[in-house]
Amino acid sequence: MSDVYPGLARLAERFGIAQEFWDWKGRHQAIPAETIIRVLKAFEIDAATPEAADAALVRLDDELWRRPLPACTVVEEGQGVHVDVHVPSGTSVEVYVRLESGETRPAWQAENSTPDRWVDGAPIGEATFWLGDDLPTGYHQVVARTVAGTHHASLIVTPGFVGFPNRMRGERIWGYGTQLYSVTSERSWGIGDLGDLADLITWSGTRQFAGYVLINPLHAAEPAPPIEPSPYLPASRRFINPIYIHPESVPEYATLGKDERKQVKALLREAQAAADASGIVDRNAIWPLKLQALRLIHAAGMRPARHIAYQDFRSREGVGLRFFALWSALTLELGQYWLDWPEEYRSPTSPAVAEFAEAHAAEVDFFEWLQWVAQSQVSAAQTVAEEVGMPVGIVTDLAVGVHRYGAETWMMPDVFAQGMSVGAPPDQYNQSGQDWGQPPWRPDKLQELAYEPFRAMVSAALRRVGGLRVDHIIGMFRLWWVPQGLGPTAGTYVRNNHEAMIGILALEAQRAQALVVGEDLGTVEPWVRDYLSRRGLLGTSVLWFESGMQGEPLDAQWWREYCMASVTTHDLPPTLGYLAGDHVRLRHDLGLLTEPLESELASAQREQADWLGKLVADGLLDPAHADDPVEVMLALHKFLLRTPSKVLLAGLTDAVGERRAQNQPGTVNEYPNWRVPLGDQTGRRLDLAEIFQAELPRRLAAVMNGFDSQPDSRWA
């Protein structure tokens, strides 16, 4: 029996808080009242008793009627738009739309029979206005004029369908996916950088005939050690991690004097030695050395035209860039956790922060400059993609959330739900559930702000790239909120306004002419995938997860056209490791299994046996090669070409024979997550020059291009 009382249930429904769900084994689970009460508290709603819940409902209704206009209305183009206006009873009102272009369009009042509501002792009337059904896409305003004043609200009209960018010309493309930090060269600083990305693009486009390169999120991390290794737990999703800058490619490097160049070269050698000694991608050792080099380059100054370009960047990025640079400088001064800072520094608009900015103007400027340089090097890599004829080029990644004590929670703490973490309920791959340690955005606050933080983030992510992969895109529909201290099994789903968030994503993608891929794996309501397809956004299909009604391998003809199809994903080992059962043994060693190891291995072997049988039956694998993991890996990729999927993905790890996983969900430091350098089948670190000369990448590229897996002169 549920312990949820009526007022609590109505509040849960109002805020999109689930009161029940079906788990991964198909069992119905009721959400306890304690969880719902805790989640409502994050919305600043006291519902601890039935009386408190009823009072909160009355207060919320009164607040709704006090507001003349809804804060933000989001619709698809071609849909009719109505807006309800609240004014004192008997007051006349004029309503019109001011388009993004500056044009104005009148609105018409519809028949209205809604009775007045008494609020604060006075009657408030409601009038419904028709805004039309032919408004162009864009960010517009609704304006309401009364004798008491003028009121403004946001109106966002989004494209109904995005589809593939024109540059694809309706053709299928394939690309490599990689964790950029793991891909190094002779000239990089022990960590893959944007210069390495440009070189990888050149090779992928001209020798492999790939149409894009998918990389991990480039989001900003802490400005000093200890640095969070996961690119999916950033300090900010709007800004770039300057660790990916290649210092010697900054134009000002050429102006350094002899002594300064010697210092930079010495720092480079020290960083490379630290990487070699650690055997991992050691951000904590590498970044302080690269940071010193970048300070030397920044101190060299800029020629006038470069300075103009930099100032233009600062102007366009506005206060967001300023606050991020301030957070970076303050973090070096006061420590990484801003909640531990003296109280006067915990708000970016406080007088103490303003005084700090003035006293440390050069340091703040340096961190702003780092963002400009990083963005310039992303743009340069995308230019390389365009020059070698890639139809898409860089596809970057958007994480689902941010670090609890990072820049964004300092810059706009009220937008985040206090005392909550984002995670996932138990599933077959992590049977204890997950708590990712990221505070979720409050849907009500995003609505009040007309989704401006989300808009800025998506716009920045799409700047000068060809596409965007959205990690856990189902989070734009609902997220699993975990009250701190209760554990992931005691969470619940909270709905976001997916019409608004997906619509804004579609609008920004349309403006950028970019490909958008949503990672829709895991527990997904079936209608969500249909919705994404209708809006022209791609989903994600991973071969090991694609099965038919009886659990059999899903036949190629039933795969989705609008998806990015791959054999594996970064949360699993590369294919050679997966075929060997490495993922099962690793989870056993880390204590993540709830079933015996032998049982899980047997299940994995049955799954693989089913796929091997499928490959043989479809003529993609010679039975004599069924015990050869490389031949099986190539055959699995051949299967992708049988599907209707328009975007295919091959892991660079598969191309070089790597077996180690980049990430093991459910762990932090028990496994070197996000710190594994790209290696061959033995785990030996590879650099780009070796990859360019290796045979296996040529064989895999031949498969992805629809030829036999044996390389010929086209891949020489």
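Spacing of the modelled spin labels on GLN311 and ASP610, each 7 Å from Cα toward Cβ, amounts to 6.4 nm. Take the Cβ atoms of GLU63 and GLU387, set R0 to 51 Å, and the FRET efficiency comes out at 0.40. Helix 597-617 and the long axis of the chain differ in direction by around 80°, with both axes built from C-alpha atoms. This model, with +1 at the C-beta of Lys and Arg and -1 at the C-beta of Asp and Glu, gives the chain a dipole about its Cα centre of some 1460 debye. To the nearest ten degrees, helix 194-206 and the longest principal axis of the Cα atoms of the chain are 70 degrees apart. With respect to the chain, whose longest principal axis is taken over its alpha-carbon atoms, helix 33-42 is tilted by about 80°. Cross-link pairs exceeding 23 Å in C-alpha to C-alpha distance, out of LYS25/LYS445; LYS25/LYS646; LYS25/LYS638; LYS41/LYS445, comprise LYS25/LYS445; LYS25/LYS646; LYS25/LYS638.
If the segment from ARG295 to ARG463 were pulled out straight at 0.36 nm per residue, it would be longer than the present Cα-Cα gap by 57.9 nm. Label sites at ALA456 and PHE692, each approximated as a point 7 angstrom past Cα along Cα to Cβ, lie 4.0 nm apart. You can think of it this way: the chain between PHE545 and GLN484 has 18.9 nm of extra reach, that is 0.36 nm per residue less the Cα-Cα gap. Of the residues MET411, MET564, ranked by 1.4 Å probe accessible area with the largest first, the sequence reads MET411, MET564.
Using 1/(1 + (r/R0)^6) with R0 = 51 angstrom and r between the beta carbons of ARG187 and SER533, what's the FRET efficiency to the nearest 0.05? It would help to have the intermediate numbers written out before the result.
On the way: r = 43 Å, r/R0 = 0.84.
Efficiency at R0 = 51 Å is approximately 0.75.
Accessible surface of THR202, taken over heavy atoms with a 1.4 Å probe and every protein chain present, rounds to 60 Å².
Which percent, nearest 5, of DSSP beta bridges in the chain are antiparallel?
Bridges in the chain that DSSP calls antiparallel: roughly 60 percent.
Summarise the long-distance tail of P(r) for the chain by giving the % of C-alpha pairs beyond 40 Å. When every Cα pair of the chain is considered, 36 percent fall beyond 40 Å.
Multiply the residue separation of ALA352 and TRP558 by 0.36 nm, subtract the distance between their alpha-carbon atoms, and state the gained length in nm to one decimal.
68.1 nm
Sparsely packed loop sites in segment 615-689 (the trypsin sites (Lys or Arg not before Pro) outside DSSP H, G, I, E and B with at most 11 other Cβ atoms within 10 Å) comprise ARG684.
The values are calculated or read from the model by the stated rules, or taken from the named source; none is laboratory data. This structure is a prediction, so every number in the text was calculated from the model and none was measured. Counting neighbours? That spans all protein chains shown, and the Cβs are built from the backbone with ideal geometry, glycine included. Note: areas computed on protein heavy atoms with side chains; ligands, DNA, RNA excluded. Shrake-Rupley method; radii C 1.70, N 1.55, O 1.52, S 1.80 Å.
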